[in-house]
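Visitor: Take this structure, written in structure tokens, and hold onto it; I'll ask about it next.
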Amino acid sequence: MGEALVRTLASRNYEVVGLDLLPSPFTTHAGSLTDRSLLKRALVDVRVIFHAATLHKPHVSTHSRQEFVDTNITGTLCLLEEAVSAGVESFIYTSTTSVFGDALIPPAGAPAAWITEEVKPVPKNIYGATKAAAEDLCQLFNRNEGLPCIVLRTSRFFPEADDNKRIRESYADDNLKANEFLYRRVELEDVVSAQLAAADRASEIGFGKYIISATTPFSPEDLPDLRIDASAVLRRLIPGYEEEYLRRGWKMIQGIDRVYVNERARQDLGWQPRYNFLEILQRLIAGEDWRSPMAQLVGSKGYHQAKFSEGPYPVEWKRD
């Protein structure tokens, strides 16, 4: 996302300062968020901060809980404090739908969960816990320091294969990702447009938390049937999908347990996401690449320098 943001902002003739641990063509400052002197140099004349630096789910098994705290909480605190000192006008924080944690999984026999900003997060790992804490820091700095802060709880947009071996073996990768646009995925180009929309509205809003995910075709009335037979619901809503799936040898997920709802982001931010399941389906029918041009350009970055035999990253946390 960082590269996509830099590419987009530079194409609009903004002067972009990029900070990352590793040097790259899209990085102007290499170093840590906890390096105060580096932050002071980087934030000279900066108007808007897009804070996407994080340890996230793929790092849960390879990094300690303390490292998550150091990066996701302490790093965010340092950046917020230096933003206030530098006179930054707005702060856009990339959070995650993972903060909802166990609230995403309804009890057996219950309808699928309709996930809006009103759902209370129940983080289930150190990643979700530290991202939720960083969200609270953003709210604190808006309330106490007057810094406009927008939190974007972003759903999955990574191009890498799923970490679940059973799922990888059950679905072709493109099939799985197309299915996810129904309820839990967003396209990279739309992630960037949400960031820019948030920056445009931050001073007006002050503080807000928003779910950033593709617009679902479902409604709350669909939730009981979705949990049992997603295909039946989709045949009713988008009957043309089945023919294309049959042609490709694809299959629809049997049951959907949660649906992310982006209505508030579209309403408050004026965000207009382009990519949804119907758009993806039409691209597939036309024989086109379903990914946005930006996603194709950025490509896959991976999560670790090491390669793992059982997936894109290990999934069991190991203590130091």
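The values are calculated or read from the model by the stated rules, or taken from the named source; none is laboratory data. All values reported here derive from a predicted model rather than from experimental measurement. Please note: Cβ atoms are built from the backbone with ideal geometry, for glycine as well, and neighbour counts cover all protein chains shown.
Residues checked against (1) of a type in the set (S, T, N, Q); (2) over 30 Å from P293 (Cα atoms):
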| site | (1), (2) |
| --- | --- |
| V16 | no, no |
| T28 | yes, no |
| S32 | yes, yes |
| D35 | no, yes |
| S64 | yes, yes |
| G75 | no, yes |
| V99 | no, no |
| A113 | no, yes |
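Visitor: Follow-up question, since we're still on this one. Here are the criteria: (1) assigned to a helix (DSSP H, G or I); (2) over 22 Å from E3 (Cα atoms). Tell me which single one S193 does not satisfy.
Guide: (2)
Visitor: Considering the stretch 1-24 alone, what residues qualify as being surrounded by fewer than 20 Cβ atoms within 10 Å (Cβ to Cβ), modelled with pLDDT of 95 or more and part of a loop (DSSP other than H, G, I, E, B)?
Guide: Once the filter is applied, which keeps residues that are surrounded by fewer than 20 Cβ atoms within 10 Å (Cβ to Cβ), modelled with pLDDT of 95 or more and part of a loop (DSSP other than H, G, I, E, B), the stretch 1-24 yields R12, N13, Y14, E15, V16, V17.
Visitor: Could you go through the stretch 80-98 and let me know if any residue there is crowded, with 16+ Cβ neighbours inside 10 Å, more than 21 Å from N144 (Cα to Cα) and out of contact with any helix residue (DSSP H, G or I) (no Cβ under 6 Å at 6 or more places or on another chain).
Guide: Checking the stretch 80-98: at least one residue is crowded, with 16+ Cβ neighbours inside 10 Å, more than 21 Å from N144 (Cα to Cα) and out of contact with any helix residue (DSSP H, G or I) (no Cβ under 6 Å at 6 or more places or on another chain).
Table: residues versus (1) without any contact (Cβ under 8 Å) to a residue 12 or more places away in the chain; (2) over 17 Å from the mean Cα position of the chain (by Cα).
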| position | (1), (2) |
| --- | --- |
| S24 | no, yes |
| L33 | no, yes |
| S37 | yes, yes |
| V46 | no, yes |
| F50 | no, no |
| L55 | no, no |
| H59 | no, no |
| H63 | yes, yes |
| E67 | no, yes |
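Visitor: Restricting attention to the stretch 263-297, which residues are assigned to a loop (DSSP other than H, G, I, E, B) and either surrounded by 16 or more Cβ atoms within 10 Å (Cβ to Cβ) or among the β-branched types (V, I, T) (or both)?
Guide: Pass one, the stretch 263-297, residues assigned to a loop (DSSP other than H, G, I, E, B): 270-276, 286-292.
Those that are assigned to a loop (DSSP other than H, G, I, E, B) and either surrounded by 16 or more Cβ atoms within 10 Å (Cβ to Cβ) or among the β-branched types (V, I, T) (or both): W271, P273, Y275, N276, W290, R291, S292.
Visitor: Hey, another quick one. Output the helices (runs of 4 or more DSSP H) that fall wholly within the stretch 69-185 and possess 1 or more residues being at pLDDT 95 or above, or say none.
Guide: Numbers: elements: 75-86, 126-145, 165-170, 173-180.
Here the list reads 75-86, 126-145, 173-180.
Visitor: Continuing with this model, one more query. Given the criteria under 20 Å from E180 (Cα atoms), surrounded by fewer than 17 Cβ atoms within 10 Å (Cβ to Cβ) and either touching a strand residue (DSSP E or B) at 6+ places or on another chain (Cβ under 7 Å) or at pLDDT below 95 (or both), does S300 qualify? Full working, then the answer.
Guide: Values: under 20 Å from E180 (Cα atoms): yes; surrounded by fewer than 17 Cβ atoms within 10 Å (Cβ to Cβ): yes; either touching a strand residue (DSSP E or B) at 6+ places or on another chain (Cβ under 7 Å) or at pLDDT below 95 (or both): yes.
When the stated conditions are applied, S300 passes them.
Visitor: Could you list, in sequence order, all residues of the stretch 194-238 that are without any contact (Cβ under 8 Å) to a residue 60 or more places away in the chain and of a type in the set (G, A, S)?
Guide: The answer is S219, A230, S231, A232.
Visitor: Under the condition of being closer than 24 Å to S193 by Cβ and either without any contact (Cβ under 8 Å) to a residue 40 or more places away in the chain or among the aromatic types (F, W, Y) (or both), which residue from the stretch 157-175 is surrounded by the most Cβ atoms within 10 Å (Cβ to Cβ)?
Guide: Only one residue tops the list, namely F157.
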